[in-house]
Structure formats: structure tokens, C-alpha cells
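The values are calculated or read from the model by the stated rules, or taken from the named source; none is laboratory data. Every value quoted in this text rests on a predicted model; they were computed, and no experiment measured them. Neighbour counts run over all protein chains shown; Cβ positions are idealised from the backbone, glycine included. To get the accessible areas, we keep the full protein, side chains included, count just its heavy atoms, and leave off ligands, DNA and RNA. Shrake-Rupley method; radii C 1.70, N 1.55, O 1.52, S 1.80 Å.
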Amino acid sequence: MDLYKVLGVNRSATKDEIKEAFRKLAVKYHPDKHSHSPKPVRDSATLRFKQVSEAYEVLSDDRKRAHYNLTSSSSSASSSYNYYQRYANASRRSGDGGYGFSSANSYKNNRQNYASNFWHVSLRFFTTRAFLLNLAFAGALYGGTVVIDNSREALWKMHNSGKSFEEAMESIEKAKARRDT
């Protein structure tokens, strides 16, 4: 099943075009609209609404859309149907009732998944080679700054044993004043 065909958009459709197509089809096939229809019509509309909702969830998320495009363009239609089935099964397991609306349990699970995902992503970021190299470079710069600052004070004390910095500046200003007059 081609998710683009489900929504009636082409593969180069923008997010706004996908959203607009979803809204039109969601209104057309919403189960509440068909609650008084005959059972075959109601079942058909409910199935179509589920397909439209699931297609919108995949195509509106950049990451899911890229994965879908990759799997559906590199293989046959049956593999895209398999992707659709895997996605549909995952959405049913998440507790959203198949309509794209979350229940309270789903919200709680999503919060927990977000927290665990946040730490997982953070850990992956902080252990990347680029981050660790940047951290080492920043540490070297900071260490060099500390060493230079400490050595500057030591050199000043070594070359100007009896004077403070302020006394030295006063003597330099006096020497300039004498030279100018």
C-alpha cells in the first residue's frame, strides 16, 4: 500500500500539502460521520480513516517519511506494505486506539519513552568522537590559559622583585612625563 496514494498526494508533496490532504480525508472518513451508516459502509470508512491517519503519521514525521521513502523506493510494493503493517502494529501497541488519538496510558508511556530517549540521545551525543575531540581541545585551551596566567604572575615577580604592578605603572608614567617635557 502506497501511503502517498492513501492521502492522494505525490512524493514531492510538502508538509502543508500532506496536512491539507489528511484533513480533507479525515473529515470525509471520520467514524463519527458514519455512525448511522450501514455496517459495511461504516466498517469501510473506519478502515479508510485508520489508513489515512497512519499514512499521515508516517508522512508528517520527517524521519519516518525518509525511512518509508527509502524502503518503498528501493524494493517492491510488498515491502512498502510490510512497512505499513509494521508501523500499524507499532501504533496499535502504543495504545492510541488506531485512530491517531492518544489515551492516558499512551501519554504516560510517551512521557517515559521521551525521558529515556532524551538520556539515550544525550549519552550518544556526549560519547561521539567529535564531541570528545572538541572537549579535549577546549580542555587544552583552558589548561593553557591557566598555565599562561600563572606563569605571567611568576615572571612579573621574578623581574620586578620589590615592586607591585601599580608601582611599576606609576614609574612608567613618570618616565613618559619626563621624556615629554
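Quickly work out the residue 121-to-residue 10 label distance, labels modelled 7 Å from Cα along the C-beta direction, and quote it in nm with one decimal.
According to this spin-label approximation, the distance is 3.3 nm.
What nm value, rounded to one decimal, do you get for the distance between residue 20 and residue 157 when each label is placed 7 Å out toward the C-beta?
7.5 nm
Under Stokes-Einstein, with the Kirkwood radius over Cα pairs standing in for Rh, what whole-number D in µm²/s applies to region 127-180 at 37 °C and 0.692 mPa s?
The calculation lands on 230 µm²/s.
Could you state the accessible area per residue of region 1-74 in Å², with a 1.4 Å probe and every protein chain left in place?
61 Å²
How far apart, in nm, are two points set 7 Å out from the Cα along the Cα-to-Cβ line at residue 46 and at residue 27?
Label at residue 46, label at residue 27, 2.4 nm between them.
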